[in-house]
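Participant: I have a structure I would like to understand better, so I am pasting it below and will then ask my questions one at a time.
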Amino acid sequence: MRPGPRNLITDVPGLLVGNAADDDLKSGTTVLTAKDGLTASVHVMGGAPGTRETDLLAPDKSVAKIDALVLSGGSAFGLDACSGVVDALRAAGRGFQLGPAVIPLVPGAIIFDLLNGGNKDWQDNPYRALGRAAFEAAGEEFAIGTAGAGTGALTAMVKGGLGSASFVLDSGVTVGALVAANPMGAVTTPGDRHFWAAPFEVDDEFGGLGPDPRGGLGQALNSRKMQTMRAQAGAEPIPEERGNTTIAIVATDADLTKAQCQRMATAAHDGIGRATVPAHAPGDGDLVFAATTGARPLASPEAELGQIGHAAALCLSRAIGRAIYNAEPANGDLLPCWSGASGTPSQ
């Protein structure tokens, strides 16, 4: 397998992604959609998810297709980004039709970025407008790093971000990942030079420095993030395990059922665990959506599903590495970007 031409989730034919962000707010939204809708499911492994309309993605639920998926900053406020996408879809006449009623179906998930140094002194929830703007910006090309839902993301030691990666399998099936990386854990080994995801890197896509040669790593769980968040909170206590989450979408053009999409999402969580240490903590909301356009029939779906899930996990690890590698400094940042923390300028 090799990365697609863009090395983005939009290498899956038919997928579109849009970003919108408010730099003063230090937050934003990312939307994935497809013209003809998506078969989708979800798997949650974090202990504190923030979601909208995920129950309908269970394999036993009757909804066959959805219209878009939303990743957003803003914690619970960010779920309103889905409403903005619903507004835009309704205006376009898109959605589940029940008689004369047209109902857009837009599941979403959020990260916590309320203590990241941005201006949160707003009167009206800004996320509905951000959601609509992200949907209206959707295309095959989109920015990663400090963009969209990753605008205000932080990892334990350096800035987080929005990442994406893809693979085209030998069978011709395309698999991609899109992630807003805001974990409790670190994406870099101690010293912030090497990425935990380094063994899965392709073509120096996040610096080409290779794996950390040291052993015995992962025992110390230092976090600049928690120190800065506690400073932002003042006298209010902030439990160490709160205020995090990695949310992602993995997608393919393989013709999968909802149950098979759920299995793909489950397998893809390995990508978070390989790229983030620790992952899936009680206060993380780690969640992976899996979606397909269904455009490419499979000769042997059960046999090929394992390879698709494996590719999704690899793409997700690489997307996390690319998110942090491409993060850019901005006014008011609480944490350094990877390039500044590691002493290695990004290429």
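The values are calculated or read from the model by the stated rules, or taken from the named source; none is laboratory data. Just so it is clear, the model here is predicted, and its values are computed rather than measured. Counting neighbours? That spans all protein chains shown, and the Cβs are built from the backbone with ideal geometry, glycine included. Side chains are part of the model used for accessible areas, which takes the heavy atoms of the whole protein and leaves out ligands, DNA and RNA. Shrake-Rupley method; radii C 1.70, N 1.55, O 1.52, S 1.80 Å.
Participant: Going residue by residue through segment 131-151, is there one that turns out to be of a type outside the set (Asp, Glu), over 17 Å from Thr29 (Cβ atoms) and either surrounded by fewer than 21 Cβ atoms within 10 Å (Cβ to Cβ) or at pLDDT below 95 (or both)?
Facilitator: no
Participant: Shifting gears a bit: If you take the residues of segment 22-37 that are more than 15 Å from the chain's Cα centre (by Cα) and under 25 Å from Asp284 (Cβ atoms), which of them is surrounded by the most Cβ atoms within 10 Å (Cβ to Cβ)?
Facilitator: Within segment 22-37, the match that is surrounded by the most Cβ atoms within 10 Å (Cβ to Cβ) is Lys26.
Participant: May I ask you to list the residues in segment 184-200 that are within 15 Å of Asn326 (Cα to Cα) and under 18 Å from the mean Cα position of the chain (by Cα)?
Facilitator: Scanning segment 184-200 gives Val187, Thr188, Phe195, Ala197.
Participant: Next question, about the same structure. Within segment 160-180, identify whether any single residue is in a loop (DSSP other than H, G, I, E, B) and either in contact with a Cys (Cβ under 7 Å, 6 or more places away or on another chain) or under 19 Å from Pro336 (Cα atoms) (or both), and answer yes or no.
Facilitator: Taking every residue of segment 160-180 in turn, at least one turns out to be in a loop (DSSP other than H, G, I, E, B) and either in contact with a Cys (Cβ under 7 Å, 6 or more places away or on another chain) or under 19 Å from Pro336 (Cα atoms) (or both).
Participant: Which residue is farthest from the chain's Cα centre (by Cα), if the candidates are limited to segment 82-121 and must be open to solvent by 70 Å² or more (accessible area, probe 1.4 Å) and either closer than 23 Å to Leu162 by Cβ or without any contact (Cβ under 8 Å) to a residue 12 or more places away in the chain (or both)?
Facilitator: Only one residue fits best here, namely Pro100.
Participant: Check whether at least one residue in segment 173-183 is farther than 30 Å from Ala220 by Cα, modelled with pLDDT under 95 and more than 15 Å from the chain's Cα centre (by Cα), and report yes or no.
Facilitator: no
Participant: Considering only residues of segment 225-246 that are within 24 Å of Leu316 (Cβ to Cβ) and open to solvent by less than 90 Å² (accessible area, probe 1.4 Å), which is modelled with the lowest pLDDT?
Facilitator: By that ranking, first place goes to Glu241.
Participant: Moving to a separate point now. Could you please let me know if Ile66 is in contact (Cβ under 8 Å) with a residue 40 or more places away in the chain and closer than 25 Å to Lys258 by Cα?
Facilitator: Yes: the conditions hold for Ile66.
Participant: Residues that are within 15 Å of the chain's Cα centre (by Cα) and either buried (at least 19 other Cβ atoms within 10 Å of the Cβ) or closer than 20 Å to Gly152 by Cβ (or both): does segment 57-65 have at least one?
Facilitator: Within segment 57-65, not a single residue is within 15 Å of the chain's Cα centre (by Cα) and either buried (at least 19 other Cβ atoms within 10 Å of the Cβ) or closer than 20 Å to Gly152 by Cβ (or both).
Participant: Cβ-Cβ below 7 Å, separation at least six or inter-chain, first residue in segment 202-215 and modelled with pLDDT of 95 or more, second assigned to a loop (DSSP other than H, G, I, E, B) and surrounded by fewer than 16 Cβ atoms within 10 Å (Cβ to Cβ): which pairs?
Facilitator: Sorted first by the residue in segment 202-215, then by its partner, the list stays empty.
Participant: What do you reckon, is Ala156 surrounded by 16 or more Cβ atoms within 10 Å (Cβ to Cβ), in contact with a Gly (Cβ under 7 Å, 6 or more places away or on another chain), part of a strand (DSSP E or B) and among the small types (Gly, Ala, Ser)?
Facilitator: No.
Participant: Taking segment 181-213 on its own, how many of its residues are in contact with an Asp or Glu (Cβ under 9 Å, 6 or more places away or on another chain) and part of a helix (DSSP H, G or I)?
Facilitator: Count: 1.
Participant: Follow-up question, since we're still on this one. Please work out which residue is farthest from Arg263 (Cα to Cα), limiting yourself to segment 17-37 and to residues that are in a strand (DSSP E or B) and out of contact with any helix residue (DSSP H, G or I) (no Cβ under 9 Å at 6 or more places or on another chain).
Facilitator: Among them, the one singled out is Lys35.
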